[in-house]
Each structure stands twice: as C-alpha cells, then as structure tokens.
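Read-outs throughout are calculated quantities, based only on the coordinates presented, and are distinct from any laboratory measurement. Owing to the predicted nature of the structure, the values given are computational and were not obtained by experimental measurement. Cβ atoms come from the backbone with ideal geometry, glycine included; neighbour counts cover every protein chain shown.
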Amino acid sequence: MAEVLVLAGPGRAARATCALLTLARRLGTPAVVAGAPANGTTRARAGTPATVTGGGKNGATQARTPRTVAGGPASAATLGRFGAKTIYAATAPEMDEHPVAARVEMLVRLARHRPAAILVAADRDGLEIAGRVAVRLDSGFLSDVVDVTAGPDGPVAVQSVQGGAWRVESSVVRGVPVLAVRTEHVAITPAPAPARPVVTTVRLTFPRSVRAVRQVARHRARPRDLSTAAVIVAGGRGVGSAEGFELVRRLAAALDGVPAGSHAAAEQGWCPPQMQVDQVGQVVHPSLYLALGISGSLRHRAGMRGAGTVVAIDSDPQAPIFRLSDLGAVGDVHQVVPELLAEIERRRALPLIAEE
Amino acid sequence: MRIVVLVKQVPSTDDGLSFAPDLTVIRDAGPCGLNAADWCAVDQSLQVAVRRRDVQITAVTMGPPGAADALRTALVLGADAAVHIRDEALHGSDALATSRVLAAAVRRLGFDLVLCGATSADSGMSAVPAMVAERLGVPALCFADRLLVRERKVEIHRDDGCGDRRVFVAAPPMVISVTERCGEPHYPRYVSRFDARDKPIAVWGLDTLGIDPAEVGLAGSACVVRAATPRSGGRPDALAMGDPTSVAIRLADFLAERQFL
C-alpha cells in the first residue's frame, strides 16, 4: 500500500495528529512528517513492547510532564499506537525558525515518492502549508474535510460546507490529493495493532526563500484588546454581581482568553465600559465566544455575530442567545462555571490520549 | 506603492446556499455583497494610503457578471481602480485554478502588496491567499489579526487561540490575508459614492491574461464534486440540560473537541 503523509504541524496538539492518523489508516500506510524527532523516540525504541503500547514507563513520563500529549507534539509511542509506520524527522534549525516554509519544502520533497495522499490539520499554519504544497505539486486541494474514505480511484473526502448545512463528497483527479482536515470532527481511534514507527531522518537543504518570513515575537501574556482576541468570555446580567464577575475572569484566564461584559454588566459597573461587547461598544470576531448569563438582546448579538464558535450558558432555555450558539447550556452560571473550571483543571492534569 | 486587493462577492444571507445540477455553488440566487473579511482588506489598504502618498489601490475579483457589485463596493470604500476577471470558461474553478487566474492578474497589474480577506463566507477557500503567493513566488503573511505596514517591512500579529500569540515580519512584495479582527472598517463618506461612479472597472478575459481555457474551470480543476447532500434537521441537541456537573462535562467535551482546551 502506498504511503499517506500526515503532517504533525508545528507545535500542534497531539490530538490533531492522531485524528489525521485515524483517517490515514483507511487510505494506506500512515507516515508522520514531524519537524523534529518526536520526544520519547529513544525511549520507545529501547523500551519493552509494553512501553510502546502506552504502559507503565511511558505513563510515568506523561505524568511528570502532563502537557506533553495534551498540548505538545505526540511521542513516537503515541503515533505508533495510532498506526504510524514511519516518522520522517528533520533536525534543521529552519524547521523551528520558519515552520511553515520549511514544512512546505519537506512535504514537497517527500511527495516525490508518490504518496496516496497528504493530510494536514486545517489550522492557520496547516492551511498555508497545504495551499503551497498543492500549487508546487499541481495537485488537487480540498479544505474543510471532515471524513475520508478510500474510493476506487483515490480518496473520497467529505467536506462540511456552509457551517455544516451541506455535506459535499469530492475527490481529486490530478496529482497527490492534499486534504486540509478539520480534525475536531474526527473521532479518533487507536490502530487495531500498534506499530513501532521507524524514525527516518530527512536531510534537507533549504533555498533562501524559506527565510522570507521571520517570527519576531511570541508572547503568552494575555492581551487586553478585545478586538483581536481569539477567545472571549463574556458575562451578563445572569452573573449577578461584581463578585460574580470574577467567575468570568477566572474562566477567561483558564481558556487563555479575554474577559468581556454585556451592556447590562457594564452599566451595573461590574466591568469597565471598555470591556462592553455590543452594537455601540466593541464589535468582536473571536474564534470562541463564551457567553455567561447573557440572554442575547439584539444589540448584544450585533456585537458578537462574527464569532466563529458560540457557547452560551444561561438559565432561561428560551433565551435568544441559544439560537445563535453552537452549544447552549441551560443552568445557573454560579453552579455550572465552577464545575466547568474544575473539569478543565482535571483534563489539563490528565492527558487524554495517553490514558486511553 | 501598488496594492492589489483580492475581493469576492458572497451570498449575504446565512442559509441561501444551493447547488446547480453540475454541483457548483449557485452564487447569484439571493442577495449578495462584498465578503466581510475582504471589506477589512480594502479598509486596511486605505490605512496604508493614509500614511503615504504614492499608494495605488486596485480591487480585483473573479466571477460572474454580478460580481461587479463587490468591485463597486470596494471602489466606494476607497479603492482607486478595479479589475473584473470574467470568462465563461472560469465556471466551476477550484482553489488551484482560482489561484492561477488571480496570480496572473496580480502579476499583470504589478504589485508591492496583495491584500485579501482570510476567509470567505460561502466556502472554505482560506488557502487561496497562500496559493497565490506560491504562484507569485513571494512570502505570505496569512490570517493577520493586526497589520502594520512600515516602509520596508510588514508586521502582522496573530492570535491562534490557546495562548499562541505571535508576531511575523516580512518584506514586500508579498501577500497578506487579514481576518475580521484587524479592525472595524470605516464607513465610507457620502461623497465617496459619487467619486466611485467615475472610477474605472476594467473587464479582463482569459485571453487578456494569457491563460489557456483548458487550465481553468470545471475542465481544468484538479478536484471533482461527486455529491452534495443537505444535512437535515439543523443542529441536533445543541442544548445541554441537567445537573451542573453533567452540563459542565458536556461543555468541556465540546471545547476539547473544537480544540480550545
């Protein structure tokens, strides 16, 4: 069977890579394209088979560095458990300094062996990589892929179009299919028989153009600015008091987002007026908008309509905000949010994939 | 400084999408308008024009005759000229073919910066800016949440969620795609509507760009659509009810699924 290249993106969550491997197994022999040798590589090779299948020794390592699997790149053992037969690693400094351009070069180089498909997670970096690779190879490119099956003449991809209102089945008729997969829609399953991935080091010489885009800063400090925030947690009348608004701030901190308030909260003085999201305050376009105790008046909806994903918690099941939300939770903010904070804390401590 | 803004006409309703018998999206059924992110792209190009005198902004679109409305909006917002790429053979182009046509038009116009919206409301064509950059052989700064154009360099700020905030720098000529977060666009002044009437809209065909019709459209696309089925019932069980703990677990599951945890 032909190889299927799976891109372990720069600093990507392991879950995304495992989801891509789940799909790749249907199309051929999965091979992971990693920036650097995956951590735990030597351990997986030296260890007993029990270690490879996620046993004691590996588990102990995960417990010491809990975010390794939950947030960081996956270990070779984890990739093997999801069916990776080969891991292509490159150690050039460009892979870290210019992650997008260097990965394009690497994928184009590996595509010389005519893989059955190239799977990339459809995040911001992934889309740029996939687009550039498709042009270089003059190959068909499909985005918004939520499912893949093997067809008689290459993979058939299911795309989710118009916010999931349509399911479109497409296939690629020219070149190596390049698929940008929305990994959050893929249910991940480990391979029936865990593999021991062979790590192959790829030596690459990069052209000068790889260095055209430089990363000059990377900061983890939370921005104050609502308008450019990716995650916004907003509180409204249902929060009840200035003390209750502390819950909004804590949840925003837990999700690495920015707190905001509806006009009701701002007028009561629970939050400063600069934090007000509505028609006359800030108009926001975050990837995630979490509304706590906000019923969703027209003027508020006008301010947050551009959000990618909307999650609302409110005690009134008839609240208009639920018509706009991707997931609504009916309940008292003061009871649900502390539980949610505890649940997030618990999940951060336990890496999901390693424990399964 | 020559700025080319790539814009797109999209259906302005939320649920107006439908497919023709050849499985291409019907784009001129309902009310249409300029894509929201492209609106920001035009506005950002004007921010550059505020700081320098030599800026020439050209809006470019590819699409059926109705797509000229998007160009007129861009001219009202402040673009200086517009180019409409229109050809029967373009019908059904995929991302690869679209990027080929747009790159040819941009090359013909000449450019220092190519600006475009990072996402379009009607289809997931978010990779097209990167594809155009690849064809032009220039760097791309995609998904700019904040854009700063300096004399010899362009700086973008990006917030990818999960605390991943980065700043990238590159030197023109280059392609930039901006998100709707890069600033609320200014509302055009009334007189700019009158000015826009006198601004030129050039219509180019494939022969103008020197592209073989067999390379674009349904014939030249590298992808084929096999079937399109509407998902009935909308969103099932989008409301979580019950005791706070189970609701919280459901919420955490959802957030983890969408990779916000």
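Work out the length of the dipole vector of the stretch A:231-348 about its Cα centre, built from +1 on the beta-carbon of each Lys and Arg and -1 on the beta-carbon of each Asp and Glu, and round it to the nearest 20 debye. Write down the numbers at each step before the final one.
Details: 10 positive and 12 negative charges, 59 e Å.
So the dipole magnitude of the stretch A:231-348 works out to roughly 280 debye.
Just to check, using Stokes-Einstein with a Kirkwood Rh over alpha carbon pairs, what's the diffusion coefficient of the stretch A:207-356 at 20 °C and 1.002 mPa s in µm²/s? Could the numbers behind the result be given before it?
Working: Rh = 16.2 Å.
Estimated diffusion coefficient is 133 µm²/s.
A:Arg249 versus B:Arg51, label points 7 Å from Cα toward the beta carbon: distance in nm?
3.4
How are the alpha carbon pair distances in chain B distributed across 10 Å bins from zero to the largest one, expressed in percent?
Going out from 0 Å in 10 Å bins, chain B shows 7, 27, 32, 21, 9, 3, 0 percent.
Order these peptides, A:16-22, A:313-319, A:154-160, A:99-105, by their mean beta-carbon neighbour count within 10 angstrom, highest first.
Answer by packing, highest mean first, reads A:16-22, A:99-105, A:154-160, A:313-319.
A:Arg109 to A:His185: extension gain in nm, 0.36 nm per residue of separation minus the Cα-Cα distance?
Length gained between A:Arg109 and A:His185: 24.4 nm.
Please compute, for peptide A:135-142, the average count of beta-carbon atoms on other protein chains lying within 10 Å of each residue's beta-carbon.
Average neighbour count from other chains, rounded to a whole number: 6.
Peptide A:167-178: average number of partner chain Cβ atoms within 10 Å per residue?
Details: counts 5, 9, 7, 8, 4, 6, 4, 7, 2, 0, 2, 5.
Average neighbour count from other chains, rounded to a whole number: 5.
What is the dipole size for the protein assembly as shown, taken about its Cα centre, with +1 at each Lys and Arg Cβ and -1 at each Asp and Glu Cβ, in debye to the nearest 20? Could the numbers behind the result be given before it?
Values: 69 positive and 61 negative charges, 402 e Å.
Using only the charged Cβ atoms, the result is roughly 1940 debye.
Peptides A:133-142, A:196-205, B:242-251: what's the order by average Cβ count within 10 Å, highest mean first?
The peptides rank, most packed first, as A:133-142, B:242-251, A:196-205.
For a footprinting-style exposure proxy, rank B:Trp204, A:Trp270 by other Cβ within 10 Å, fewest first.
Least crowded to most crowded, the residues run B:Trp204, A:Trp270.
Can you figure out the FRET efficiency of A:Arg224 with B:Arg197, using R₀ = 56 Å and their beta-carbon distance, to the nearest 0.05?
0.85
Using Cα centres only, tell me the gap between the stretch A:155-224 and the stretch B:1-78 in whole Å.
Cα centres, the stretch A:155-224 to the stretch B:1-78: 28 Å.
Run the simple label-point estimate for B:Ala227 and B:Glu184 please: 7 Å along Cα→C-beta, distance reported in nm.
4.6
Given N residues in the stretch A:77-221, what is Rg(Cα) / (2.2 N^0.38 Å)? Numbers along the way, then the final one.
On the way: Rg = 16.5 Å, N = 145, 2.2 N^0.38 = 14.6 Å.
In units of the globular-protein estimate, the stretch A:77-221 measures up at 1.13.
Near the amide H of B:Leu239, under 5 Å away, which other amide H atoms are found, from residues 5 or more places off or on another chain, if H is placed in the peptide plane?
Correct list: A:Gly328.
Considering every residue in B:135-142, what mean count of other chain Cβ atoms within 10 Å of its Cβ is obtained?
4
Looking at the protein assembly as shown, I'd like the Rg to Rh ratio, where Rg is from alpha-carbon atoms and Rh is Kirkwood's inverse mean 1/r.
0.96
Residue by residue through the stretch B:74-81, which ³J(HN,Hα) values in whole Hz follow from phi under the Karplus form 6.51 cos²θ - 1.76 cosθ + 1.60 (θ = phi - 60°), with glycine and proline marked x?
Result, ordered by residue: 4, 5, 5, 5, x, 5, 8, 8 Hz.
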